[in-house]
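This report refers to the structure that appears directly beneath it.
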Amino acid sequence: SQRPSLAKMSRYHIQRLGISVEVVSDLNQGWSKISSGNKVVDMVLVEQEVWDRDTHISASFIINLKKIDHGIPPKLFLLANSISSSRTNAATSGGFSPYTTMKPLRASMLAASLQRAMGVGSKGNLRNRELPSLSLRSLPRGRKILIIDDNNVNLKVAAGALKKYGADVVCAESRIKAIEFLKPPHRFDACFMDIQMPEMDGFEATRKIRDMEHCFNNRIRRGEASVEAYDNISNGMFPFWPVTVFG
Amino acid sequence: MQMLQGYLDEQFIQLEELQDDENPNFVEEIVTLFFNDSARLLQNIEQTLVSGPIDFAKLDNYMHQFKGSSSSIGAKRVKNGCTRFKDYYMAGNAEGCIRTFLQVKREHAILRTKLEAYFQLARQAGPSVIPRGQVR
C-alpha cells in the first residue's frame, strides 16, 4: 500500500489474528520480498490503486507467483473500495483471480476471507493450511469486553469465562446501562448481549449503538470531535471503529 | 462424584475448568448465587400459579430467567423439568402446570442438598481436590 494510515490500520487488524505483517509500497518491492526467500510469505494483500496503476506489473506479478515452485505460493488478496471496481479487475488478471476483501480491513472480515481462501470448512475442518487455533483463542486477551445480561448467574459465568482468556471484562445488567457504557468515545472492543431482555430487545439496542457511532463519526468527519477521537495512533484522526456486537 | 451423576451436565465441568488459583472458589460462588436467585424465582412462579388466573406472560418471564441460570450451571434435571413445565403452561394446561412445577421444585431442592454435600466434602479434602470430569 502507498498509504501509511491504511497500512497501519490494516496491520493492526491482521496482527490481532496472530499474523506477522510487513508493508511495502509497490509490487516490485513486494516481489523482491517474496522471491528473496528469507521468510516464507503466505499472503499478499494489495491495495486496489497499487494494482490498477500498472497492469503490466500486476500481470507479471501473478505470473511470477504461479511460477513459485518451492512450497505453496502465497494467496493474493486485493483491498478494494467497492465490489464493482474489483470485479472489472478480476477479468484482466488472466484467470488467477485474487480474493477480494473490502476496505477498511477488519479482523472479522479478514478472518472470514482467510477461511474462504485457505479452504477452511464451515465446521472448521482445516485442509492444507492450518489457521493456528491458538491465535483465535487468544483473541480475547487484553480486549475490553462488555457483557450485558439481566441474569446475575449468566453474567458471572460469562465474565468468568472471558476473564480466563485474559479479557478485561465489564458487566452491565441492563441495556440502558450498556448504552451508557457504549456511548463513544469508549474503549470497548466487543460486547456480548442477550437478545431477549425485558426493557429493550437486542436488535433495537444494537441499532441504538450503531446510531451513536454513526453520529460520532459524522462529528469526526466534520472536524468537531477531534480531541475526543484521538487514539494512540498519532498520525491523524480515525473514524471510530464500530464495536463488535455478539448476540 | 457418584452422587451427582445424572444431575449435572457438561456445563458444570466447564465451570470447574474456569476455577483456578486466581478464582479458587468460582464454582461454589456461582452455585450459591444460583440458589439464592432461583429460590426467589421459584417463589415468584409459585405466586403466579396460586393467585387467581395465571398471568402467563409473567410466568414465562420468570421461567426464562430460571431456566437460563439453571442451564448456566449445568443443572440438567432442573433444566429438563423447566422444559416440561413450559410445555404445559404454553398449552394453558393448569393441572399439568402445577404438577410439573412441583417436580421442578423437588429437583431444585435435591440438587441443592447434593451440591452442599459436594462442596462440604471438597472443603474437607482440601483445596484443588475438586474431582474433574467425574460428574456426569
Notebook entry, point to check: Cross-link partners among aspartates and glutamates for A:K8, C-alpha distance below 16 Å, same-chain residues fewer than 8 apart left out?
Noted result: A:E22, A:D26, A:E47, A:D231
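For a footprinting-style exposure proxy, rank A:W51, A:W31 by other Cβ within 10 Å, fewest first.
Listed from fewest to most nearby Cβ atoms, that is A:W31, A:W51.
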Notebook entry, point to check: Against the longest principal axis of chain B, how steep is helix B:76-90, in degrees 0 to 90 to the nearest 10, with axes from Cα atoms?
Noted result: 10 degrees
Check: If each residue's Cβ is checked for other Cβ atoms within 10 Å, how do B:S69, A:S5 rank with the fewest at the top?
Finding: A:S5, B:S69
Next item on the list: Among the aspartates and glutamates, select those whose C-alpha is under 12 Å from the C-alpha of A:K75, and discard any that sit fewer than 8 residues away in the same chain.
Entry: A:D42
Notebook entry, point to check: Fewest to most neighbouring Cβ within 10 Å: what's the order for B:L121, B:L4?
Noted result: B:L121, B:L4
Item checked: Modelled FRET efficiency - R0 51 Å, A:R187 with A:S32, Cβ distances, 0.05 increments -> 0.80
Checklist line | Inter-probe distance in nm under a simple model that places probes 7 Å from Cα toward Cβ, at B:E46 and B:E116 | finding: 1.5 nm
Next item on the list: For A:K144, go through the lysines and keep the ones whose alpha-carbon is under 19 Å away, minus same-chain ones fewer than eight residues off.
Entry: A:K156, A:K163, A:K164, A:K177, A:K183
Item checked: Residues A:E173 and B:I13, FRET efficiency given R0 of 35 Å [Cβ-Cβ distance, rounded to 0.05] -> 0.80
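Any read-out appearing in this document is the output of simple, stated calculations on the displayed coordinates, not a laboratory observation. This is a predicted model, so every value here is computed, not measured. Neighbour counts run over all protein chains shown; Cβ positions are idealised from the backbone, glycine included.
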